[in-house]
Amino acid sequence: MLTARNRKRPGGEIPTASLPDIVFMLLVFFLVTTTIDVDKGLGLVLPAEGNEQEVSKKNITNIFVNASGKVAIGSGDDLRIVEIRDLRQEVSNRLLANDKMIFSVRTDSRTKYQAYLDVMDQLKMANAKRISIAEPEG
Amino acid sequence: MRLKQKTKTVSGIPTASLPDIIFMLLIFFMVVTVLRQYQGLKLILPEARKISKLEGKRHVANIWATKEGVISIDDRIMEMNQVRNVMYDKRKNDPQIVASVKADRQAEMKLITGIHQELRKADALKVNYSAKTRN
């Protein structure tokens, strides 16, 4: 009887010495699995459906992007081919001359998305607020 | 002599509250962790410089578009003309919704303008072109 009681006594509590280790392991698991990845990108607000407006010709600059990623800027007959990295300066100049300028990005239907985004990026860098996206040709 | 006695009492950092601290950290990470809901499609995002963060994930609808022209929303592959219905429902439930276009850098503009048109029809006008930071 006495011996049995003696045996029982040491198992009275749950050992908590390894609790920090267990919690640490859980912590490490969540640390590893957590991906605090924020989505990043270029924001844009599309015009509402059926909200097409007539704009004066002199307030529009067309930016053409062809299927191979070549870019041309200008309005009417005054069209110039520019490098994408020079576009920002070109856009800034035109904005300085006329701050109501609308930039209409016109792409080919086979234009690569990256080329289009490069152009949008340049427009954003030049702080162009009024951007229009024209229907692709062809 | 007195000074020596005083210094003796300070011995070791108390570790009694260590589990509590770790528990707090654990709970923080458990709350922050979002086990990925949607897999998306396999694609390479384009690069851009002037990009901004998209606030939160609550008001974001992801539209995936690969270079082959496959469109997927919420892991459901769909035709172009279905996009407007799906996005319209999303827009109705959450007027603040931002459509995050995750398109492959090799995708053709025909696809992207198609998505534009669908989004306009669904009245989901806020768009974000998902991109990676260019170095």
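The values are calculated or read from the model by the stated rules, or taken from the named source; none is laboratory data. Predicted model only: the values in this text are computed from it and were never measured. Positions of Cβ are generated from backbone atoms using ideal geometry, with glycine treated the same way; all protein chains shown enter the neighbour counts.
Observations
- Residues that are touching a residue at least 12 places away in the same chain (Cβ under 8 Å), closer than 25 Å to A:Asn127 by Cβ, touching a Lys or Arg at 6+ places or on another chain (Cβ under 8 Å) and not hydroxyl-bearing (Ser, Thr, Tyr) do occur in the range B:53-72, at least one of them.
- Only one of B:Arg76, B:Arg36, B:Arg84 that is in contact with a helix residue (DSSP H, G or I) (Cβ under 6 Å, 6 or more places away or on another chain) and either within 12 Å of another protein chain (Cβ to nearest Cβ) or modelled with pLDDT of 80 or more (or both): B:Arg84
- Among the residues of the range B:111-133, those identified as within 8 Å of chain A (Cβ to nearest Cβ) and assigned to a loop (DSSP other than H, G, I, E, B) are B:Asp123, B:Leu125, B:Ala131.
- Qualifying residue in the range A:69-86 (condition: over 25 Å from A:Asn127 (Cβ atoms) and free of Cβ contacts under 8 Å to residues at least 60 places away in the same chain): yes
- Every test in (1) over 23 Å from A:Gln122 (Cα atoms); (2) more than 7 Å from every other protein chain (Cβ to nearest Cβ); (3) assigned to a helix (DSSP H, G or I) is passed by B:Leu26 save one, and that test is (2).
- Residue within the range A:72-88 that is among the basic types (Lys, Arg) and within 14 Å of another protein chain (Cβ to nearest Cβ) present: yes
- Taken over the range A:59-98, the criterion of being at pLDDT below 80 and either closer than 30 Å to B:Asp123 by Cα or of a type in the set (Ser, Thr, Tyr) (or both) is satisfied by A:Ser75 alone.
- Restricting attention to the range A:91-104, the residues being surrounded by fewer than 20 Cβ atoms within 10 Å (Cβ to Cβ) and either under 21 Å from the mean Cα position of the chain (by Cα) or free of Cβ contacts under 8 Å to residues at least 24 places away in the same chain (or both) number 5.
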